[in-house]
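Notes for the one structure printed next.
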Amino acid sequence: MSTPRRVAPSFLSVISVMLGFVCAPAAWAQAAHPAADAGAGRAAYHVVNTYTLGGEGGWDYLALDTVGHRLFIARGDRAMVVNPDNGKVLGEVSGIDGAHGVAFDYASGHGFATSGRDSSVVMFDLKTLAVLGRAKAAEDADGILFDPATKRVFSFNGDAQSSSVIDGATGRNVGTVDLGAKPEFGVSDGHGKVYVNLESTGEIAEIDAAAMRVTRKWSIAPCQSPTGLAIDVAHDRLFSGCRNHVMAISDAKAGKLVTTMPIGAGVDACRFDAATSDAFSSNGGDGTITVIHEDSPNHYTVVQTVPTMQSARTMELNPSTHALYTVGAKFGPMPAQPAAGQRRRRPPMVPGSFTLLVLQR
């Protein structure tokens, strides 16, 4: 997403937030109980802990440091670092202007964070969180990932319709991939291929990470505005969260759509748990996480819709414990809107209400 639109929930999502507060005694009480539609014989996902993190600013992607067991949360001018077991704030990565995503290169001991407003990627020390350098990216640097096969970092630059490629060891920009459309989230298969949702065209692009070029694209229609993306590496399946309330599932090897499954409103992240064969979408518009089970690579079942919190649109998965993490906040009254043609105003976030939710089966 572009920087102005991604540092806070979308206008439509905010309307959903306000309606949620008026019409339902909702997220907090509801999220404390397992959803009723879990598949037969399955333990249901449910919220097991809520931690009030507070702090100013909007938020975007979550990233779990699986070595240090720390959750990084992009928050406007910083990346907040949290112990997900107890909600304690451990520190922050500062010096970011429009934080969106975080990626980790454990071999070099470096972390990387997109800084969308100044079109850069910040490199920091994974142990101390100190900023080590800054690489030039491109306009609206947003999603980011580390590709272990090439040891390169790829930022996805929405307005520039490109991906900037950065060396994980030196932090230097080593190339640019022209995507020809506005990218959103991306994933690596760990073997030299990178995949990214193209939000503006409803496609997926495959990138040769070594050659730094697009090798093919394919349509995932009827998906509209794909945002979150996850991958099942073993079966070459990609899971795209789409703003028209579907998850589009693709065969990455064949480069074609397999099927679509219904999800909630306002998706902005997807994850896949290889151990349980479950795919997830976090839906901030209606405050839910949709759980979809991969029965086989070509057959899928929605097994649960888990209540979370209105505005909780991004998420992370702990592959070891199968825990899910999502964040949200409360918002004040909708302000008076300007004349037609002017930018809409968003309601203010209630001070101190930013919250981490932990879900388990």
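What follows is calculated from the coordinates using simple rules that are stated; it is not laboratory data. A quick note: this is a predicted structure, and the numbers were derived from the prediction, not measured. Note: ideal-geometry Cβ built from the backbone for every residue, glycine included; neighbour counts use all protein chains shown.
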Under a plain spin-label model, where a point goes 7 Å from the Cα along Cα-to-Cβ, how far apart in nm are residue 211 and residue 259?
3.3
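Sorted by average packing, counted as other Cβ atoms within 10 angstrom per residue and highest first, what order do 228-235, 272-279 take? Numbers along the way, then the final one.
Numbers: 228-235: 19.8, 272-279: 17.9.
The most tightly packed comes first, giving 228-235, 272-279.
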Mind ranking 260-268, 82-90, 66-74 by how tightly packed they are, going by the mean number of other C-beta atoms within 10 angstrom, highest first?
260-268, 66-74, 82-90
Top mean-square fluctuation among 107, 44, 221, Gaussian network model of the chain, C-alpha springs under 10 Å?
107
Note: residue 360 to residue 233 extended length (0.36 nm per residue) minus current alpha-carbon separation gives 43.4 nm
Let me spell out the model: positive unit charges on the Cβ of Lys and Arg, negative unit charges on the Cβ of Asp and Glu, origin at the Cα centre of the chain. What dipole size does that give, in debye rounded to 20?
580
Could you go through the range 320-331 in sequence order and give the Karplus-derived ³J(HN,Hα) for each residue, using 6.51 cos²θ - 1.76 cosθ + 1.60 with θ = phi - 60°, rounded to whole Hz, and x for Gly and Pro?
7, 9, 6, 6, 10, 10, 9, 9, x, 8, 9, 10
Roughly how many debye, to the nearest 20, is the charge dipole of the range 271-332 about its Cα centre, given +1 on each Lys and Arg Cβ, -1 on each Asp and Glu Cβ, and no other charges?
300
Can you tell me the FRET efficiency between residue 219 and residue 139 if r is taken as the Cβ-Cβ distance and R0 is 25 Å, rounded to the nearest 0.05?
0.45
So how compact is the range 217-317: Cα radius of gyration and Dmax in angstrom?
12.2, 37
Cβ neighbours within 10 Å, averaged per peptide: list 197-208, 283-294 in order, most packed at the top.
283-294, 197-208
Modelled label-to-label distance, residue 191 and residue 42, 7 Å Cα→beta-carbon offset: nm?
2.7
Value of relative contact order over the chain, rounded to a whole percent, pairs C-alpha under 8 Å and six or more apart
15
Just report the Cα centroid separation between the range 170-238 and the range 252-267, whole Å.
14
Going by how many other beta carbons lie within 10 Å of each one, how would you line up 177, 358, 121, fewest first?
358, 177, 121
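Mind putting a number on the dipole of the range 85-128 about its Cα centre? Charges go on the C-beta only, +1 for Lys and Arg and -1 for Asp and Glu, and I need it in Debye to the nearest 20. Walk me through the numbers before you get to the answer.
Details: 3 positive and 6 negative charges, 10 e Å.
With only Lys, Arg, Asp and Glu charged at Cβ, the dipole is about 60 debye.
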Say each of residue 301 and residue 343 gets a label point 7 Å from the Cα, pointing the same way as Cα to Cβ; how far apart are those two points in nm?
4.8
Once the dipole of the range 165-266 is set up with Lys and Arg at +1 and Asp and Glu at -1 on Cβ about the Cα centre, which of 225, 196, 264 lies farthest towards its positive end?
225
Where in the range 87-119 does the amide nitrogen come within less than 13 Å of the point 7 Å from the Cα of residue 125, taken along Cα to Cβ?
109-111
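With a cut-off of at most 15 other beta carbons within 10 Å, and DSSP calling the residue loop, which chymotrypsin sites (Phe, Trp or Tyr not before Pro) in the range 91-135 qualify? Please list them. Please list the in-between numbers first.
Numbers: sites: 104, 106, 112, 124; in loops: 106.
Passing both the DSSP loop test and the Cβ count: 106.
What is the range 202-241 by shape, rounded, prolate or oblate, if you read a ≥ b ≥ c off the alpha carbon gyration tensor as root eigenvalues and call it rounded for a/c under 1.5, prolate for a/b larger than b/c, and oblate otherwise? List each step's numbers first, then the result.
Working: a/c = 2.18, a/b = 1.31, b/c = 1.67.
Oblate, since a/c reaches 1.5 and b/c is not below a/b.
Quick check on the chain: what does the Kirkwood estimate of hydrodynamic radius come out to from the alpha carbon pairs, in Å? Present the calculation step by step, with values, prior to reporting the outcome.
On the way: mean 1/r = 0.0498 Å⁻¹.
Across the chain, the inverse of the average 1/r is 20.1 Å.
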